[in-house]
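This report concerns only the one structure given below.
The values are calculated or read from the model by the stated rules, or taken from the named source; none is laboratory data. The structure displayed is predicted, hence computed values, not measured ones. All Cβ positions, even for glycine, are placed from backbone atoms using ideal geometry, and neighbour counts span all protein chains on display.
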Amino acid sequence: MFDALFEALFSYRPVVFREGDFRFDVTTASFFAALVVGVVVAAAIFTYRRVHVGDGRVRDRVILTAVPVAGLGLGLLCLFPPTLVGRAAVNQQNVVAVLLDDSRSMQIPDLGGKARGTFLKEQFGAPDSPIMKALSDRFLVRPFRFSSTATRVSSGNTLTFGGSQTKLGAALDGVRDELAGLPVAGIVLLSDGADTGDTALNEALLALKAEKLPVFTVGVGSEALPRDIQIDRVSTPRTVLKDASLLLDVVVRQTGYSGRTVTVDVEDEGRIVGSEKVQLPADGSPASVRVRATASEAGPRLFTFRVAPVDGELVPQNNVREALVEVRDAKERILYFEGEPRFEMKFLRRAIADDKNLEVVALQRTADNKYMRILGANPDPEELVGGFPKSREELFAYRGLILGSVEAGAFSGDQLQMIADFVDRRGGGLLMVGGARSFGQGEYGGTPVADALPLLIDPRKRASDPADLVRLKVTPTRTGQGHAVTQIADSETASVARWPELPLVTSINEDLPVKPGATVLLNGTDERGRERVVLASQRFGRGKAIALTLQDTWQWQMHVSIPLEDQTHEHYWRQMMRWLVEGVPSMVDVRVPDRVEPGDPVIVEATVVDKQFVELNDATVVAQVTKPGGTTMTLPLQWTGERDGEYRGTFVSAEAGAYEVTVDATRSGGQVVGSGSGYVRAGPGEAEYFDPTMHGAPLRRIAEETGGRFYTADAAQGVAEDIRYAGRGVTSVEERELWNMPIILITLMGLVCAEWGYRRLVGLA
């Protein structure tokens, strides 16, 4: 609107005045004409000085003098013809690149029911469209399509809108490189602005600004969708043990369906393994739901999260998300050290006896310096023959460590430090179980083990202090309600209801304060209503430490009120043991991305340590990559030099599907360090359909930082007129006369009318 009014008054668009230079043509005739006008002005001033105005007020005399003088001055200006000098590209001698978004999000029908891609093809697809014809009349037009990269095309009619990414920075870099050395007047970029190229845009803008290459951006799509449901994000573990009970967090966001209840389904390779309902909150607000599922099959499993499309949704594609989970069928070995015979150890071992993925090796002290070993299914006669491990190599061979009722004095100073290092450096899981010689009663205060635990232990506490005999009802905290270890029933709701029904426990260690940053999962309430911390955890270095202050969880199995077939106690301890060893690193810890685009590079990283978990920089590290078709390739990994023990290599995911990456590490002489594995999926991404609105901010930024201009889809026709010479190529000088602008005639007429009106007002006419 403003541009049209400006052009009507001043004959040219604002951009012409911004980019042009003013000049006055001075001739001999102009000087004589100016002299005549000067005489006339002087005569006018002299005349009006002699005029008697009212009571001699000066104001009237000044106004009546100024008006004709202004008019004559404007006429004098026209005698020195003002000219606007600018440079323009010679028709069809400068290049304009038209960069068209060919990604999947262009299929979204949010332009009055019309798909974004349809708009692109209608307005910029055919060479004879009005906008393309206007551009072609002035420039050599070079069309490009882009999603992840920019590719030259014959016309926009060839677009398929199948790209799974929108990388604005890579596209702009590609066009700039493609047209290097040519007289480029500008780039026209048409997109919804949903950039998935991370930080590449920043670098591209720096290069464009350095070359003074303007980008004119057109935002395609609506900045707000009236009706849409999308799965915002999902949270899954990367690796789990076979038959693990998974708690999968899903966040749903909606617009236009507030208050509606929908169902979130979880599928494992097409089979529904979990389902949960969620009521949608207010528009734009997230709704979180936790879905329980079981990882029943080993290997890489593709979990699909789905909300059925609702009538009226514009983008049903964002109702689905996928996550790759590696399900490991392995034996996780845990060392349990108990200082005295008691029921807790017996029933704990019984609870997990049938779990094929857990192996508890027990060491029970029977007398001073005498121990009973309870080894696994394939016992090593040398294992624990000397009692509790005396070397880091021996202790670090386990992935979890349980300390029962055994005092700190049973360990040497080096062993106490080893236990802390087991969590800190090795990344293992440590669980201290309540007992007569645990926590403060075990005199752990002031030891390295106390540093690792989530509860503060008073160093003044002595073994002579008795345990608290109470009747305690155990319930999960708000945080604990959704934690994997507290799931003792078929659903989270049923688990929360089941905890208060369990028999009361009667023996607990002293009331210990919780460290800052620790998480309390279970509390106990005694008969007087006082709360006690029952289960707490914290991260410590690479691993985690857990404190269970109860001494008699076996009552959840043996109490008279518990039916023989009840599995609550067994289920609790299986969940606890699996959580204890979850995420514990191996000697060769492999990291690969969850998903890549087919054809993209895959970065394989591995951290290699020795048996004492000291990083190795001199290892030979080789990855075997098994492709989706079953063929293999060898990929050597090189030490990065950035971190100790870190190795890296890259391969290209030429095929779609799951890639298994197995990394083996050896030392000089062929000494085997260990091996590790990971999975990566090559397949189309989902990002194009999420947050599917038109993102105007990055498009405006591109235009502003490069000297271009941003347009909405409705105003896109203006781009052909606004592109100017940008300092390169073949140009011509254009001179535009300004004396005949409509605004000058309007101003002159206004001055004449103003003088006449004022004279009538003061009684002089």
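A few notes on this one:
- The set of residues in the range 498-532 being part of a loop (DSSP other than H, G, I, E, B), modelled with pLDDT of 95 or more, within 19 Å of Val485 (Cα to Cα) and not hydrophobic (A, V, I, L, M, F, W, C) is empty.
- Cβ-Cβ contacts under 9 Å between residues 6 or more apart (or on different chains), taken from a first residue in the range 304-324 that is closer than 15 Å to Arg233 by Cβ and basic (Lys, Arg) to a second residue that is surrounded by 18 or more Cβ atoms within 10 Å (Cβ to Cβ) and at pLDDT below 90, are listed as Arg321/Phe690.
- For Ser136, the stated conditions do not hold, so it cannot be described as outside any loop (DSSP other than H, G, I, E, B), of a type in the set (Ser, Thr, Tyr) and more than 20 Å from Val215 (Cα to Cα).
- Some residue of the range 592-614 being buried (at least 17 other Cβ atoms within 10 Å of the Cβ), of a type in the set (D, E, K, R) and in contact with a helix residue (DSSP H, G or I) (Cβ under 7 Å, 6 or more places away or on another chain): no
- Residues in the range 240-250 include none that are within 25 Å of Met106 (Cβ to Cβ), over 21 Å from the mean Cα position of the chain (by Cα) and either of a type outside the set (Lys, Arg) or surrounded by fewer than 19 Cβ atoms within 10 Å (Cβ to Cβ) (or both).
- In the set (1) over 28 Å from Gly718 (Cβ atoms); (2) assigned to a loop (DSSP other than H, G, I, E, B); (3) touching a residue at least 24 places away in the same chain (Cβ under 8 Å), the condition left unmet by Leu182 is number (1).
- Near pairs, Cβ below 6 angstrom, 6+ apart or cross-chain, from the range 246-267 (assigned by TED's automatic domain parsing to the domain that holds Leu314) to any residue that is outside any strand (DSSP E or B) and of a type in the set (Val, Ile, Thr): Leu248/Thr236
- Residue that is surrounded by the most Cβ atoms within 10 Å (Cβ to Cβ), among those in the range 561-581 that are more than 12 Å from Arg349 (Cα to Cα) and of a type in the set (D, E, K, R): Arg578
- So Ala697, is it under 21 Å from the mean Cα position of the chain (by Cα) and either at pLDDT 75 or above or not assigned by TED's automatic domain parsing to the domain that holds Gly193 (or both): yes
- One residue stands out among those in the range 644-691 that are outside any strand (DSSP E or B), more than 25 Å from the chain's Cα centre (by Cα) and not hydrophobic (A, V, I, L, M, F, W, C): the one that is surrounded by the most Cβ atoms within 10 Å (Cβ to Cβ), which is Gly645.
- When the residues of the range 185-221 are filtered to those that are among the β-branched types (Val, Ile, Thr) and at pLDDT 90 or above, the one that is farthest from Phe161 (Cα to Cα) is Val215.
- Filtering Gly219, Gly274, Gly270, Gly186 for residues that are buried (at least 20 other Cβ atoms within 10 Å of the Cβ), within 30 Å of Arg574 (Cβ to Cβ) and either small (Gly, Ala, Ser) or over 22 Å from the mean Cα position of the chain (by Cα) (or both) leaves a single hit, Gly274.
- In the range 199-233, the residues that are acidic (Asp, Glu), within 30 Å of Pro286 (Cα to Cα) and touching a helix residue (DSSP H, G or I) at 6+ places or on another chain (Cβ under 8 Å): Glu223, Asp228
- Qualifying residue in the range 379-399 (condition: modelled with pLDDT of 85 or more, assigned to a strand (DSSP E or B), aliphatic (A, V, I, L, M) and surrounded by 15 or more Cβ atoms within 10 Å (Cβ to Cβ)): no
- Failed criterion for Gln557 (all others in (1) crowded, with 20+ Cβ neighbours inside 10 Å; (2) out of contact with any Ser or Thr (no Cβ under 7 Å at 6 or more places or on another chain); (3) part of a strand (DSSP E or B) hold): (3)
- Taking the range 240-263 as the range and being under 17 Å from Gly274 (Cβ atoms) and touching an Asp or Glu at 6+ places or on another chain (Cβ under 6 Å) as the test, the residues that pass are Lys242, Val251.
- The residues of the range 331-373 that are surrounded by 17 or more Cβ atoms within 10 Å (Cβ to Cβ) and in a loop (DSSP other than H, G, I, E, B), listed by number, are Gly339, Arg342, Ile352, Asp355, Asn357.
- Test for Ala697: is it part of a helix (DSSP H, G or I), touching a residue at least 60 places away in the same chain (Cβ under 8 Å) and out of contact with any helix residue (DSSP H, G or I) (no Cβ under 7 Å at 6 or more places or on another chain): yes
- Residue in the range 607-630 that is part of a loop (DSSP other than H, G, I, E, B) and within 26 Å of the chain's Cα centre (by Cα) present: no
- Scanning the range 290-306 for residues that are crowded, with 19+ Cβ neighbours inside 10 Å and aliphatic (A, V, I, L, M) yields a count of 3.
- Filter result for Arg574 (touching a residue at least 24 places away in the same chain (Cβ under 8 Å) and outside any strand (DSSP E or B)): yes
- Of all residues in the range 224-245, those being within 30 Å of Asp354 (Cα to Cα), in contact (Cβ under 8 Å) with a residue 24 or more places away in the chain and part of a strand (DSSP E or B) number 5.
- Among the candidates Tyr659, Tyr689, residue that is more than 30 Å from Ser191 (Cα to Cα) and touching a residue at least 24 places away in the same chain (Cβ under 8 Å): Tyr659
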